[in-house]
Amino acid sequence: MKKVKSLVLAGLLAFAPALGLNGSALAQDNSVAAAPAAENAAAPAESAANATAPVAAAAPAAPKVAAPPRMKPTEGIGMPRPGEITLQEQFSPTGHTARWLHDVLLLPIITIISIFVLGLMLWVMWRYRRSANPVPSKTSHNTLIEVIWTVVPVVILLLIAVPSISLLADQYKPAPKDAVVVKVTGYQWYWGYEYPDNAIPEFVSNLLPEDKAKENGEPYLLAPDNRLVLPAGRPIKLIITGADVIHAFAVPSLWLKMDAVPGRLNEKSVFIEKPGVYYGQCSELCGARHGFMPIAIEALPPEQFDQWVLSQGGSLKGAAEKTAEAAPAAPAAVTKKI
């Protein structure tokens, strides 16, 4: 019996390597059989990549576009003048309306009312002084005078209200769909500008040192290192917000002012009538360096603005959509079943 067990054990030990080899051979056979399937599955992807590779290799690199030269400011245009006591010269439609309302309507009315009230007070003080009237009058009512001082102020207010409401509506009129969109962000204490529709990421604008400002012929405390470049003669939409505290984006010569509030997007439409450099400042007390975060808008002719966009690595609005529509559709990969 012991001999039989020994013979069986010896036989198993003799055939074990063969069984192991057969098992590994079977696994290798399975892997070899699976390899063609994997190669067949990867073949369409490789062929598609090979098909697109020549197209990518054939596409030429975009030529580098030079930025237009930095525009020189004009004395008295887009900036305050020494001894100036009126509004700055305006270069936007709403600015013209606002200055007309101020210079032609409000100032004359205020001047006339002030002179009339001053004259009336002087006349009353002289006419009804104690020495001329030892016995004062006890008159308490006068119907005509009461009607006049009620009706005349109402007429004056109506005269002011009609153009004022029209101007207010124009200032908050939404920009058209084809407007150039710029996101303006106020920081402590500088500005950030981003062009989402032109694929230009945010860049910051800081105060220019005094020696650099004088070298460029720009007014110190109004000149930043990087300007907000916008097109003249095109509608513009500014999306204004704040990153830390409340700021105010203000350019007086364009009749432009809007609060930059953290967590809120305020919209302002602008139309600049002629090329030039227009200066402004933060107009909301925002901290220790509030007076050192200037604004400079460089309004370029439309062709030069497009050149500037391309020089910054951006794309012209609508060009990407036109290219996508004009490009032929890529042929779909065909998988052949085996």
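The values are calculated or read from the model by the stated rules, or taken from the named source; none is laboratory data. Since this is a predicted model, take the numbers as computed values, not measurements. Here Cβ is always computed from backbone atoms with ideal geometry, including for glycine, and neighbour counts include all displayed protein chains. All accessible areas refer to the heavy atoms of the entire protein, side chains included, with ligands and DNA or RNA removed. Shrake-Rupley method; radii C 1.70, N 1.55, O 1.52, S 1.80 Å.
In the set (1) among the small types (Gly, Ala, Ser); (2) open to solvent by less than 50 Å² (accessible area, probe 1.4 Å); (3) more than 18 Å from the chain's Cα centre (by Cα), the condition left unmet by Ala288 is number (2).
Restricting Ala248, Ala260, Ala232 to residues that are surrounded by 14 or more Cβ atoms within 10 Å (Cβ to Cβ), in contact with a Pro (Cβ under 9 Å, 6 or more places away or on another chain) and modelled with pLDDT of 95 or more narrows the list to Ala232.
For beta carbons closer than 8 Å, sequence separation of 6+ or different chains, a first residue in region 211-225 that is within 17 Å of Gly291 (Cβ to Cβ) and a second that is of a type in the set (Asp, Glu) and open to solvent by 60 Å² or more (accessible area, probe 1.4 Å), the qualifying pairs are Tyr220/Glu210. Mind checking whether some residue in region 242-258 is among the hydrophobic types (A, V, I, L, M, F, W, C), under 22 Å from His102 (Cβ atoms) and in a loop (DSSP other than H, G, I, E, B)? Checking region 242-258: at least one residue is among the hydrophobic types (A, V, I, L, M, F, W, C), under 22 Å from His102 (Cβ atoms) and in a loop (DSSP other than H, G, I, E, B). Scanning region 54-73 for residues that are open to solvent by 80 Å² or more (accessible area, probe 1.4 Å), modelled with pLDDT under 90 and assigned to a loop (DSSP other than H, G, I, E, B) yields a count of 5. Of the strands (runs of 3 or more DSSP E) lying entirely inside region 139-218, those containing at least 1 residues that are surrounded by 14 or more Cβ atoms within 10 Å (Cβ to Cβ), in contact with a Lys or Arg (Cβ under 6 Å, 6 or more places away or on another chain) and modelled with pLDDT of 95 or more are 180-187, 190-195.
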